[in-house]
1. Any residue in region 133-162 that's over 30 Å from Phe338 (Cβ atoms): show its pairings with residues that are in a loop (DSSP other than H, G, I, E, B) at Cβ separation under 8 Å, as long as the two are six or more apart or on different chains.
2. Can you find a residue that is assigned to a helix (DSSP H, G or I), under 14 Å from Leu77 (Cα atoms) and without any contact (Cβ under 8 Å) to a residue 40 or more places away in the chain anywhere in region 275-293?
3. Is it the case that region 343-352 has a residue that's acidic (Asp, Glu), out of contact with any Cys (no Cβ under 6 Å at 6 or more places or on another chain) and within 16 Å of the ligand (Cβ to nearest atom)?
4. Across region 9-27, what is the total count of residues that are within 16 Å of the ligand (Cβ to nearest atom) and either aliphatic (A, V, I, L, M) or surrounded by fewer than 15 Cβ atoms within 10 Å (Cβ to Cβ) (or both)?
5. Go through region 210-230 and give me each residue that's away from the ligand (no atom under 16 Å from the Cβ) and surrounded by fewer than 24 Cβ atoms within 10 Å (Cβ to Cβ).
6. When the residues of region 28-40 are filtered to those that are surrounded by 14 or more Cβ atoms within 10 Å (Cβ to Cβ) and more than 12 Å from the ligand (Cβ to nearest atom), which remaining residue is farthest from the chain's Cα centre (by Cα)?
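The values are calculated or read from the model by the stated rules, or taken from the named source; none is laboratory data. Bear in mind that the values here come from a model prediction, so they are computed numbers and not experimental data. Every residue, glycine among them, receives a Cβ derived from its backbone with ideal geometry; neighbour counts consider all protein chains shown.
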Amino acid sequence: MFQNTKSLPADPILGLLAAYRVDSNSHKIDLGVGVYKDENGNTPVMRAVKAAEQKLLETQDSKSYVGPAGQEAFNHLTAGLVLGDSLRESLGARRVTFQTPGGCGGLRLGAEFIQKVKPGAKILVSDPTWANHIPLLGEAGLQIEKYPYYDYQQHAIRFDDMMQALQKAGPGDLVLLHGCCHNPCGADLDQDQWRSVTDLAEKNGFTPFIDLAYQGLGDGIDADSFGVRLMAERLPELIVVNSCSKNFGLYRERTGALTVITDNADATRAAASQIAATARGIYSMPPDHGAAVVTTILQDSALKQDWDLELKEVRERINALRSELVNALTAEGVDRDFSFIEREKGMFSFLGLSVEQVRSLIDDYSIYLVDSSRINIAGINHSNLAYLTRGIAEVLTR
Ligand code: LMR
């Protein structure tokens, strides 16, 4: 059966993690996979998460099955985080939220659900987009097309080109948008641009599918949800997937949610039954621990406040690092303008290097980054900044 099985190359992002781990260079720097790191290069368990785990250890009295939708309390609270409490209430039974195994699980569950109700539906994704969007959505059967998004020369959004390409999307089509902190480029739609895309969706009837994986890492929980909330308020239909990997630091606990909004309560009830059956057929029900932690935090005002504070520290550290990197590159004598890095949001930006220059950073300097020259800003610290900027300066002169 397996004699003709072909080996595949390593995942373009997760493969870097494995290569970094076995690299013996003491100067090695991991700017690959998108995980937050502190000044010491650690990815700590957040304070509120530790406290919630302690509480759960003492109070949880059953590990019995929950069900395909996961915990109702988590779904209610996470919908509040994404939509804001008042919008969640005003949407009422037009909204349903399913706890999912991380953001990836939510994206796949959403895609499998669409595939059931509209097989082979077209989904337009930004060029570039997160590499894993393609298998997560495409292998469910959706037809992927791209819309222009990032101008690598100007380091800006190609908004006119994007809008023109989105004209092709109509009723029954989906448009994938990054809610905030665009992965991989860090360039986000501004509020006017969100309004324009919302107007277009309203006029032409396509359904936006928003991936909100970094809520809280750009400008704050509410600000990062501007586009999601605008669309949820104005449009008849919306799909949103949010992840708790980054904003709660729960990466390996696989904690996320899929929210579907339709234009009436009956359609939402029908959608919920389809989503439940879909989840049951793939993984039956999502893992509980991460969602139990998030629920515990969001139900406890002191824990919630501390979580919010630590998330603010994370966000501010990343934003400060953006400026420090730009200044350090200038101080190193690099004459290319890197100031766009300061304007971008979240964990990622492109350095704008060629694949050869990226290979050289990896092979000659043990500085790990994605082929596209995407770096995880959070992997920078004061001990590795000088080595990093020297490496970048040197490969730029080759
Ligand atoms: C990333 O883009 O690095 C993160 O979203 C982690 C992942 O799973 O790829």
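1. Gly141/Pro119; Gly141/Gly120; Leu142/Gly120; Leu142/Ala121; Gln143/Gly120; Gln143/Ala121; Glu145/Lys168
2. Quick first cut of region 275-293, residues assigned to a helix (DSSP H, G or I) only: 275-282, 289-293.
When the remaining residues are screened for being under 14 Å from Leu77 (Cα atoms), the result is 290-293.
When the remaining residues are screened for being without any contact (Cβ under 8 Å) to a residue 40 or more places away in the chain, the result is none.
Checked against the condition, which is being assigned to a helix (DSSP H, G or I), under 14 Å from Leu77 (Cα atoms) and without any contact (Cβ under 8 Å) to a residue 40 or more places away in the chain, region 275-293 yields no hits at all.
3. Let us first name the residues in region 343-352 that are acidic (Asp, Glu), namely 344.
Checking the rest, the ones that are also out of contact with any Cys (no Cβ under 6 Å at 6 or more places or on another chain) come to 344.
Now restrict to residues that are within 16 Å of the ligand (Cβ to nearest atom): 344.
Yes, region 343-352 has at least one match.
4. Looking only at that region, the number is 11.
5. Here is the first cut: in region 210-230, the ones away from the ligand (no atom under 16 Å from the Cβ) are 219-223, 225-230.
If the condition is that a residue be away from the ligand (no atom under 16 Å from the Cβ) and surrounded by fewer than 24 Cβ atoms within 10 Å (Cβ to Cβ), then Asp219, Gly220, Ile221, Asp222, Ala223, Phe226, Arg229, Leu230 are the ones that fit.
6. Applying the first criterion (surrounded by 14 or more Cβ atoms within 10 Å (Cβ to Cβ)) to region 28-40 yields 28-37.
Retained after the next criterion (residues that are more than 12 Å from the ligand (Cβ to nearest atom)): 28-29, 37.
Values: Lys28: 26, Ile29: 22, Lys37: 16 Å.
Among those that are surrounded by 14 or more Cβ atoms within 10 Å (Cβ to Cβ) and more than 12 Å from the ligand (Cβ to nearest atom), it is Lys28.
Here's the yes/no breakdown for (1) surrounded by fewer than 18 Cβ atoms within 10 Å (Cβ to Cβ); (2) within 23 Å of Gly216 (Cα to Cα); (3) among the charged types (D, E, K, R):
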position	(1), (2), (3)
Ala292	no, yes, no
Thr295	no, yes, no
Gln299	yes, yes, no
Ala320	yes, yes, no
Thr330	yes, no, no
Gly333	yes, no, no
Ser339	yes, yes, no
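A quick yes/no check of all residues on (1) in contact with a Gly (Cβ under 6 Å, 6 or more places away or on another chain); (2) polar (S, T, N, Q):
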{"site": "Asp23", "(1), (2)": "no, no"}
{"site": "His27", "(1), (2)": "no, no"}
{"site": "Leu31", "(1), (2)": "yes, no"}
{"site": "Gly41", "(1), (2)": "no, no"}
{"site": "Thr59", "(1), (2)": "no, yes"}
{"site": "Gly70", "(1), (2)": "no, no"}
{"site": "Phe74", "(1), (2)": "no, no"}
{"site": "Val82", "(1), (2)": "no, no"}
